[in-house]
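Each remark here refers to the structure printed beneath this line.
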Amino acid sequence: MSGPYDDIIQLPHPTSARHPRMSLSNRAAQFSPFAALSGHSAALAETARLTDQQIELSDDDKAVLDQKQRILLEHINEHPEIMVTWFQPDEKKDGGQYITTTGRLKRFDESACMLLLKDGSNIPISHIIRLESAYFEGLF
């Protein structure tokens, strides 16, 4: 078979004396896709991120939580160990997520209506949906 490049097909590959050969990773980077719209993929990911809506507690559930808070306030000097499930609003969109926090109760901030834990967590009373402690065993 004869072709138009038969005269050069067996010659060695030319190398430049002035320019070093490019590494394979750099050569591949020339052909990799690029982000034409910076931040677009982050905006899509934020839109796709799901959030929960805050549950509205019934009056009975609110009454039980109030009783539990009163019991904890009676034992506040003992810094009781508590487990709180509460709603944390999302900073960027409607809704948020439910978090369960465990720790020792430091104090109750009446002006801000918050439970303050020894680890520095501040939990708004209005966002609590579940409150557990050893002080409640056999009561509820």
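The values are calculated or read from the model by the stated rules, or taken from the named source; none is laboratory data. Everything quoted here is computed from the prediction, not taken from an experiment. All Cβ positions, even for glycine, are placed from backbone atoms using ideal geometry, and neighbour counts span all protein chains on display. All accessible areas refer to the heavy atoms of the entire protein, side chains included, with ligands and DNA or RNA removed. Shrake-Rupley method; radii C 1.70, N 1.55, O 1.52, S 1.80 Å.
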Leading residue by the ranking (nearest to G138 (Cα to Cα)) among those in the stretch 11-65 that are among the hydroxyl-bearing types (S, T, Y) and surrounded by fewer than 10 Cβ atoms within 10 Å (Cβ to Cβ): S58
Tally, over the stretch 71-90, of residues that are of a type in the set (A, V, I, L, M, F, W, C) and open to solvent by 70 Å² or more (accessible area, probe 1.4 Å): 1
Boolean, L105 is assigned to a loop (DSSP other than H, G, I, E, B) and without any contact (Cβ under 8 Å) to a residue 40 or more places away in the chain: no
Residue among K68, K93 that is open to solvent by less than 80 Å² (accessible area, probe 1.4 Å) and in a loop (DSSP other than H, G, I, E, B): K93
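Of the residues that sit in the stretch 110-121 and are in a strand (DSSP E or B) and touching a residue at least 12 places away in the same chain (Cβ under 8 Å), which one is surrounded by the fewest Cβ atoms within 10 Å (Cβ to Cβ)?
Only one residue fits best here, namely L117.
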Residue within the stretch 131-139 that is farther than 30 Å from E46 by Cα, part of a helix (DSSP H, G or I) and hydroxyl-bearing (S, T, Y) present: yes
Inter-residue pairs, beta-carbon under 6 Å, first over 12 Å from R104 (Cβ atoms) and touching a residue at least 24 places away in the same chain (Cβ under 8 Å) and in the stretch 78-94, second in a strand (DSSP E or B) and small (G, A, S), 6+ apart: F87/G96; Q88/G96; P89/G96; D90/G96
